[in-house]
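All of the numbers you see were taken from the coordinates with simple rules; none came from a lab. Owing to the predicted nature of the structure, the values given are computational and were not obtained by experimental measurement. Note: ideal-geometry Cβ built from the backbone for every residue, glycine included; neighbour counts use all protein chains shown.
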Amino acid sequence: MEMVLLAVAVGIGVGVVVGALGAGGGILAVPVLVFLLGMPPHQATASSLVIVLITALVSLPHHARNGNVQWRSGLVFAGVSVVGAVLGSRLSALVPADVLLTLFGVLLAGVAVAMLVRGVRTRRAETAEAAAHGFPGEADTIAPIATHDDPVLDQPGPDTVESADGIHRHHGTPELPHTPPPSSSPRLGVVIAAATVTGFLTGFFGVGGGFMVVPMLVLALGLAMRRASGTSLLVMVIATAASLLARLGTDVQIDWPVTLIFAAGSALGGILGGPLSARARPSTLTLLFAALLTGVSVVTLVETLLL
C-alpha cells in the first residue's frame, strides 16, 4: 500500500511539472522510477515506455481531430524507427545497470544544454518582438501565452503559441508550413537516419523521444511545428509499442500496478499543472525545464558514479 501511495504522489508531482513546464514526461520518468520508487534501471526504462505509450494514445485523438497528424509521413517515419527501437531495446537489456544510468545522465545533460540554448534564443526573440511593437525594455509584460506541447513529447520549446489575439504564432509570427528550399529538400538517407536514431533512443532509454522527433519531423520532412507535434505522438505510439514487444523474452519485468498507477497520477498532475503555465513566458518555461534537467542529470550521475 505504501508503494501504491508513493507511486500516486510521485506520479502527480511529475505530472504537475510536466503540465506546468509543458514537457518532460518520459525523460523524467526513468530517474524518478529509479531513485524515488526504487525500481531497477532496466525495469524503469520498460515502465517508462508503458507510461509514454499510454500518454501518447490518450493525446493522439485530440490532435487527429484537429488535423495535426500527418498520417502518411508519420507512419513512414515510425515504420523506419521500429528498426532502431528493436535494436535499442535488445541492447539496453544487455547493458549493465550502472552503465545504462550513466549514459542516461549524459543524455539528460545534453538535452539540458539544448533546452538552455533554445530558451536563450526564445528570450531574445521575445525581447525583439516587444521592442518591435514599441515596448522596449518591457519584454516581461508581453501578453499571456499558452504552450501547446504534449507532456509525452519531452519537448518544452514553446515553438507554437497562442497569443492574446487568438492567432497561433511561431515565436511571434503566424505559423506557416516549414518548406525546405529545393537545395535542402528531405533526402531519403536523412529521414532513415533520423528515424532510426529516434527509435534507438526510445528503445534504449525508454524515453518519449519528442525532444528529437519533433525537430526531426520539421527538418527532415518539412512539417509545420504544430503538425510535427501531433505527428510525433503517432511515431511514439508505434516506437514505444515496438520497444516493449522487443523486450519480450528478456529478463526485464514490469511492475504493472506501480507503473499504471504512476501513469494515472502523472496524467492527473498534468491536468493540474497545465494552468500554472498560462501566464508564463515560453522562454521562462524552457529555461526552467533546462534547469530541472540539469539537476536531475547531476543527481543521476552522482548517484551512479560516486555512491
**Message:** For Arg247, what residues show an amide H to amide H distance below 5 Å, using hydrogens built from the backbone and excluding near sequence neighbours?
**Reply:** none
**Asked** Ranked highest first by average number of other Cβ atoms within 10 Å, how do 236-242, 92-98 line up?
**Response** 236-242, 92-98
**Prompt:** Between Gly208 and residues 5 or more places away or on another chain, which pairs have amide H atoms under 5 Å apart, with H built 1.01 Å from N, and which residues are they?
**Reply:** Gly26, Ile27
